[in-house]
Amino acid sequence: MWNEEDKKRGYKIGRVEDLRVPLKPIDIKAFLDDPLGYSESLKWINAELLEHVQNPLMSREDIDGWMQAWEDNLEIKDWTEADEELKEKCIRNFREVMNTEWLNEKWLGQINERSFGEKSNEKESVVEEEDERFISLNSLLSSGIEKPEWLIESITKKSGITMFIGEYKSAKSFLAMYLTLCVANGVDFLGFKNKQGPRIVLFIDEENGEIDLAERFRRIAEGMNLKTDKIYLLIFKDFKLQGKNSVGWKFAIRDFIEKHHPALIVCDSLVRLIEGDEDKSKDAREVFEFIKPFKTKTNWLLLHHTPKGVENARGSGDWVAQVDDAFIIKSSGKRNEHKFTLKTYRSRGAKFLEGIDFQLIGDEEEPIIFNCLGNRTQFNKRQEYEKSAFDIASWLIKTEITNFKSADVKKQFPDMPDTRKVQALKYLYDNSCLSRIGNTTEGKYFAILEGLTKFVNSYLQIGEMEINLPNEINGNYG
């Protein structure tokens, strides 16, 4: 079928409207460099395949047979000049095209033994197969879908896409390198548990270069007493996630994942890895189309910039909309203090982190230590129940009550949530302000005046906003 516009361009339209195929044959090098639109959902393919693809009665077995025939007869057209290595690579790429979703058995096989535009005079009992792409809600609810597994708890999942967003000089690269070392060594990261043990990491660098990258990794590894095993690097190789040069890299990434099974792939930084415009949604979507086939096999960490003074990802809104977890990194102290805060910007299925404060300690060229100063999420929760503990203690001192029940506290403070009341009483008990009477289920307490008075005075002196959490420094350096 032809239309006027496509006739001018030299295209022939098959039975699938978006399948447009150039009529003239292509050469091997063109196919390998850019298989004519591979990055655009594989809509283009060699003209020789058109005659077979257009046939709606062609089964998967027919396709496999044609592929084998094609593989056995490479001495055609422009293939004669290709060496064996080039031929093998082309065959692998061609099989990749053939195995894509839009050319799979769903499209080709399910219409087997059926014709279009012709009606049979014979009555046949046709059993229509259910299209497995559509499922019922009950099927989904009863399927027992498991919650996502974590690579680093609350930071990076075992599979998916994570993004670190920050201004220039906000320690994004340093933090990503430290995370890389933590994953490779199987240790915790800023107090968050490593759930998978030592795993391989690929660090793709188009930002720093060999000298800076090697020096930074060395300083962090020495400062945190970490090994540099299980880490692979791709440095200034013009790696692209979008654009025509991304096609070859897609095959390279596929082969690397199949061979090494990395748990994490770090991309530093996003703006260097695209040929298009970071403000355009179309270019952003191409990046995620590149990652899509691999996101179930590993976690991708993308480093991206914010506009100056704005806590938001620079460019198209699609950058953040299509990731699983995104974090803002910003400076939280004087420049020479090297203090920063990591907090959740958006997340799918994870608790929001109100802020992880950390500091980079180490003079120029000296080992770097990541010192975690505290978790604001826990800090804020602690503030709440310590404030409630202060209210309860003040009430007990003022009324000189010695024996009481938890129900008395609820009666005295009707607006205090039950969970916070329980936390507050436990806090007072743990700090020798209360003792229990009888069975713990009875909820009876004895007030220890000395302990209550000491706690109240300490709370008033420190001030509500200055109650500090103990440092949650990783236990991998002394």
**Message:** Which numbered condition in (1) in a loop (DSSP other than H, G, I, E, B); (2) over 14 Å from Gln196 (Cβ atoms) is the only one that Leu140 fails?
**Reply:** (1)
**Asked** Has segment 336-346 got at least one residue that is surrounded by fewer than 17 Cβ atoms within 10 Å (Cβ to Cβ), under 27 Å from Phe217 (Cα atoms) and without any contact (Cβ under 8 Å) to a residue 24 or more places away in the chain?
**Response** yes
**Request:** State yes or no: is Leu233 under 23 Å from the mean Cα position of the chain (by Cα), assigned to a helix (DSSP H, G or I), of a type outside the set (Asp, Glu) and within 24 Å of Gly362 (Cβ to Cβ)?
**Result:** no
**Item:** Test set (1) among the basic types (Lys, Arg); (2) outside the structural domain of Asp212 (by TED's automatic domain parsing); (3) over 30 Å from Ser432 (Cβ atoms) - Lys343 fails condition number
**Value:** (2)
**Request:** Give the residue that is nearest to Pro307 (Cα to Cα), with candidates limited to residues of segment 144-166 that are part of a loop (DSSP other than H, G, I, E, B) and touching a residue at least 60 places away in the same chain (Cβ under 8 Å).
**Result:** Ile155
**Prompt:** Pairs, please: C-beta under 7 Å, at least 6 apart or cross-chain, first residue closer than 12 Å to Arg272 by Cα and in segment 237-258, second in a loop (DSSP other than H, G, I, E, B) and polar (S, T, N, Q)?
**Reply:** Asp238/Asn245
**Fill in**
Given the conditions (1) buried (at least 16 other Cβ atoms within 10 Å of the Cβ); (2) free of Cβ contacts under 8 Å to residues at least 40 places away in the same chain, every one holds for Gly317 apart from (1)
**Request:** Among the helices (runs of 4 or more DSSP H) lying completely within segment 352-457, list those that include at least 2 residues that are within 33 Å of the chain's Cα centre (by Cα).
**Result:** 376-399
**Item:** Subset of segment 182-217 [surrounded by fewer than 19 Cβ atoms within 10 Å (Cβ to Cβ) and assigned to a helix (DSSP H, G or I)]
**Value:** Glu210, Ile211, Asp212, Ala214, Glu215, Arg216
**Message:** surrounded by fewer than 20 Cβ atoms within 10 Å (Cβ to Cβ) and in contact with a helix residue (DSSP H, G or I) (Cβ under 7 Å, 6 or more places away or on another chain): is that true of Asp391 in this structure?
**Reply:** no
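Please pick out the residue among Ile253, Ile220 that is surrounded by 15 or more Cβ atoms within 10 Å (Cβ to Cβ), among the β-branched types (Val, Ile, Thr) and over 28 Å from Glu366 (Cβ atoms).
Values: Ile220 fails: over 28 Å from Glu366 (Cβ atoms).
None of the other options fit; the residue is Ile253.
The values are calculated or read from the model by the stated rules, or taken from the named source; none is laboratory data. Small disclaimer: the values here were computed from a predicted structure and weren't measured. Methodologically, a virtual Cβ is constructed for each residue, glycine included, from the backbone with ideal geometry; neighbour enumeration extends over all protein chains shown.
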